[in-house]
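A short reminder: the numbers here are calculations on the coordinates, not readings from a lab. Not measured: the values here are computed from a predicted model. When we count neighbours, we look across all protein chains shown, and the Cβ atoms used for this are built from the backbone with ideal geometry, even at glycine.
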Amino acid sequence: MTRPPLAEAAFQVIARRWRPRTFGEIVGQQHIVRTLSNSLASGRLAHAWLFVGPRGTGKTTTARILAKALCCPGGPKADFDPDDPVCREIEQGSFLDVVEIDAASNRRLEDAQRIREACQVRPVGAHKVFIVDEAHQLTKEAFNALLKTIEEPPPWVKFVFATTEADKVLETIVSRCQRLEFQPIAEELIAERLEAITKADGVKAERAALLAIARLAQGGMRDSQSILDQIIAFSGKTVAERDVLDIYGLASAAQLAELAKGLAAGDAPAVLALADTFAKEGRDLLRILGDLQQSVRAAVIDAVRSGGRSSVLGAELGSDALVRILDTLQQAEPGIRMGLSPRAAFEIALLKSLEVARQRPIDALIRELSAAANGLPREPGQKKIGTPPPAEPPAPTPPPAATRAPEPGREDGPPDEVLDASAPAEAVAEAWPEAATEAPPAALAAPAAPAVRPGHPDFERALESIPKGVREKLKETLGAEFTSLRPPPPGGLRRPR
């Protein structure tokens, strides 16, 4: 792949000099290339295509390459010669059978009517191609004027609509087109393309610098090439990562990794020190927040794939904690973008992320405490929770016998009946009806056994019988410490059913 040298009189920016000329040179849109190539090879060509995707991902470039494949000698075919005179005229915009229309400035009903009239003129070659860029800018009246032409065009007419806002295109237009989605290009692919460009142009560029440019471009190849042009104008024939960071206010990959590790490890001093460094160096805090979100998102995906935990950030965290951190960072974007103090909003977001990382979901805590309370062994070979047998309570003192008082007017004599307080309630009620509604006297409570303190052999044996994992879990979640050992009261504990 060769390009005109830089020494030409008319200088062209990298984005124009290195624009792909064939399907094989398109980067990051292999699904689009495969679809169009198969259509050309099989002859199953649509009469209208709708190219949808972010800026700088190759929509207009692909439309021109498709026009070359349709209008080249011997076409339509996917393996055309880019140096053919017809293909060169299409690249230069001087070929009569390929009409490029900027819908931002040709959006009225009258412009649509001129397109309809041009469709009736037969082409010089086999096809006449209309490329409508920024198609969402057309008015509703202009779209409606093209409906019939797009649905049933002359056999030689092909339409290619390119837009970044597909929701603004009428549904009646979309239903008449084959819709192809252009995806943001991966950072690694952008960096590889930039590396090939710098080598061909005799520029030495650090790999970290190219990755920083790719991260800054956010999936747009044209954006990355424009940024590279500016960096070369600033630094000359040597492009270093520090140059990219200083011009665009980015944080280095090492700083982002250190910040993510501090969040995962709960190291608040280190996190705040990095935030202070970013502020002193004039870094773009909103971009740093976005890059940090990408790192946390990668950790969330890794945790989901690895069974619920991930160490991608430098310290192990669960997926629930990582999701809470990511949600906190996303909620901080408006404050950093529009707040009076972006630095304060950035620091607060980091501190909130540290706090939510330590929180525990209540359902998980309940499950862990329930498992600990059941006395189940948490590790192989451990015993269940046990307590020493309660002391034998002393025998209760027999209650005094109750006698029936003599009725008034009766002579003194032996009591009518002696009742034992321990007798059944039915016997008491039959012998003494007046006392049937009164509660029997309560038994005297047995004195409680003294508590056993740390250092006592019974206390140490009971403490050792509790699994270590249960003790650590109780201390971590509730701050519980064992300070005494008391036997349960008789009848006070029941085995759960």
ask   = Which whole-Hz ³J(HN,Hα) couplings does region 50-58 yield from phi under the Karplus relation 6.51 cos²θ - 1.76 cosθ + 1.60, θ = phi - 60°, glycine and proline marked x?
value = 10, 8, 10, x, x, 5, x, 9, x
For LEU50, residues with placed amide H under 5 Å, excluding near neighbours = PHE161, GLN178, ARG179, LEU180
J(HN,Hα) series, region 141-147, from Karplus relation 6.51 cos²θ - 1.76 cosθ + 1.60, nearest Hz, glycine and proline x = 5, 5, 4, 5, 5, 8, 4
query = Taking neighbour Cβ counts within 10 Å as the exposure measure, how do ASP229, ASP133, ASP84 sort from fewest upward?
reply = ASP229, ASP84, ASP133
ask   = Hey, with R₀ at 35 Å, roughly what FRET efficiency would SER105 and THR35 work out to, going by the Cβ-Cβ distance, to 0.05?
value = 0.70
Selection from GLY75, THR22, GLY56, by position along the positive dipole direction of region 12-123 (Cβ) = GLY56
task = Obtain the nm distance between the two label points defined at ARG305 and ILE362 by a simple spin-label model: each point lies 7 Å from its Cα along the Cα-to-C-beta direction.
result = 3.5 nm
key: Point-to-point label distance, ARG242-ASP83, nm (Cα→Cβ direction, 7 Å offset)   = 4.4 nm
key: Cα-based reach from LYS237 at 19 Å (exclusive), listing lysines while leaving out same-chain residues under 8 positions away   = LYS199, LYS204
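Ranked highest first by the average count of other Cβ atoms within 10 Å around their residues, in what order do 267-273, 450-456 fall? Provide the component values of the computation, followed by the final result.
On the way: 267-273: 15.0, 450-456: 11.9.
Going by the mean number of other Cβ atoms within 10 Å, highest first, we get 267-273, 450-456.
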ask   = Distance from the Cα centre of region 197-259 to that of region 297-353, in angstrom?
value = 26 Å
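May I ask you to derive the FRET efficiency for GLU165 and GLU481 from their Cβ-Cβ distance with R0 = 56 Å, giving the value to the nearest 0.05?
Once the sixth-power term is evaluated, E becomes 0.35.
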inquiry  = Can you list residues from other chains, or at least 5 along the same chain, whose modelled amide H is less than 5 Å from the amide H of GLU100?
reply    = ILE131
request  = For each of VAL86, VAL99, VAL470, VAL121, count neighbouring Cβ atoms within 10 Å of the residue's Cβ, then give the residues from fewest to most.
outcome  = VAL121, VAL99, VAL86, VAL470
Loop-located GluC sites (Glu not before Pro) in region 143-222, at most 11 other Cβ atoms within 10 Å (DSSP) = GLU165
